[in-house]
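A.B. asks: Attaching a single structure in structure tokens format; questions to follow.
Readers should treat all values here as calculations from the given coordinates under stated rules, not as data from a laboratory. The structure presented is a predicted model; accordingly, all values stated were derived computationally and were not measured. Note: ideal-geometry Cβ built from the backbone for every residue, glycine included; neighbour counts use all protein chains shown.
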Ligand SMILES: [Zn+2]
């Protein structure tokens, strides 16, 4: 396993859209293991997307189970390897604070669906269905955005009122 280098804003590659995974082989699983190790090495990492390490394939990992204080109303599925994820249902709206491993100096308030239903393949190619709520749903939406070249910065209602310079790094979940 190996730690991968995380691209940081404003690296233009973070705007690149990622391609679907076609082949579920040992090379893919090796990459997923490296991606997971990289996520867990980051301060408070609860999610990561392949394009954040310069691999433009539709692969994300979300695991909020290590958060010290899980926001109320949040589901907690544990470790999810989501390959070619497709969100099929959005319900409710909630403003919440987000951070990102690729935007280390800031957090921001972003409106997300309170609950999402989605399907994705695991690292063996088996299709699975998920329903997530609260902070976990937020993390999934944040990571899915990375696959389309979107950062939370692109979703702020106002950079003036919704963007915050980070004082203490290890505070919130990072995705
Ligand atoms: Zn992110």
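A.B. asks: Would you calculate, for the chain, the mean residue ellipticity at 222 nm contributed by helices, counting each DSSP H stretch of 4 or more residues as -39,500 (n - 2.57) and dividing by all residues, to the nearest 500?
C.D. replies: Numbers: 3 runs with 34 residues, N = 175.
Counting only the DSSP helices, I get -6000 deg cm²/dmol.
A.B. asks: Can you sort 100, 121 so the residue with the fewest Cβ neighbours within 10 Å comes first? All intermediate terms of the calculation are to be shown ahead of the outcome.
C.D. replies: Working: 100 26, 121 19.
Ranked by crowding around the Cβ, least crowded first: 121, 100.
A.B. asks: Still on this structure, please answer the following. Quick check for you: which residues of the range 98-122 have the amide N under 17 Å from the point 7 Å beyond the Cα of residue 131 toward its beta carbon?
C.D. replies: Within reach of a label on residue 131: 113-120.
A.B. asks: Now for a different question. Using a 7 Å offset from the Cα along the Cα-to-Cβ direction at both residue 55 and residue 17, what is the distance between the two label points in nm, to one decimal?
C.D. replies: Here the modelled spin labels are 2.2 nm apart.
A.B. asks: Of 148, 162, how do they rank once you tally other Cβ atoms within 10 Å and put the fewest first? Please report the intermediate quantities before stating the final value.
C.D. replies: Numbers: 148 14, 162 18.
Lowest to highest Cβ neighbour count: 148, 162.
A.B. asks: What shape does the range 1-42 have by the C-alpha gyration tensor, where a ≥ b ≥ c are the square roots of the eigenvalues, rounded means a/c under 1.5, and otherwise prolate means a/b greater than b/c and oblate the rest? Walk me through the numbers before you get to the answer.
C.D. replies: Numbers: a/c = 3.29, a/b = 1.20, b/c = 2.73.
Judged from the Cα gyration tensor, the range 1-42 comes out oblate (a/c at least 1.5, b/c at or above a/b).
A.B. asks: Label residue 3 and residue 29 with points 7 Å out from Cα along Cα→Cβ: what is the distance between them in nm?
C.D. replies: 2.6
A.B. asks: Further question: Cα gyration tensor of the range 1-93, axes a ≥ b ≥ c as square roots of the eigenvalues: rounded (a/c below 1.5), prolate (a/b > b/c) or oblate? If you can, show how the numbers build up before the last one.
C.D. replies: On the way: a/c = 1.44, a/b = 1.30, b/c = 1.11.
Cα axes put the range 1-93 in the rounded bin.
A.B. asks: Here is a further query. Taking the beta-carbon count within 10 Å as an exposure proxy, list 135, 106 from fewest neighbours to most.
C.D. replies: Details: 135 27, 106 17.
Lowest to highest Cβ neighbour count: 106, 135.
A.B. asks: Something else now. If you average over every viewing direction, what projected area does the convex hull of the Cα atoms of the chain give, in nm²?
C.D. replies: Values: hull surface 37.0 nm².
Result: a mean projected hull area of 9.3 nm².
A.B. asks: Springs between alpha-carbon pairs under 10 angstrom, Gaussian network model over the chain: which of 158, 102, 18 fluctuates most?
C.D. replies: 158
A.B. asks: Most mobile of 113, 144, 50 per a Gaussian network model of the chain (Cα springs, under 10 Å)?
C.D. replies: 113
A.B. asks: At residue 37 and residue 88, where each label point lies 7 Å from the Cα along Cα→Cβ, what is the point-to-point distance in nanometres?
C.D. replies: Here the answer is 3.5 nm between the modelled labels.
A.B. asks: Taking a ≥ b ≥ c as the square roots of the Cα gyration tensor eigenvalues, with a/c under 1.5 meaning rounded and otherwise prolate when a/b beats b/c, else oblate, which class fits the range 94-175? Provide the component values of the computation, followed by the final result.
C.D. replies: Numbers: a/c = 2.17, a/b = 1.85, b/c = 1.17.
Judged from the Cα gyration tensor, the range 94-175 comes out prolate (a/c at least 1.5, a/b above b/c).
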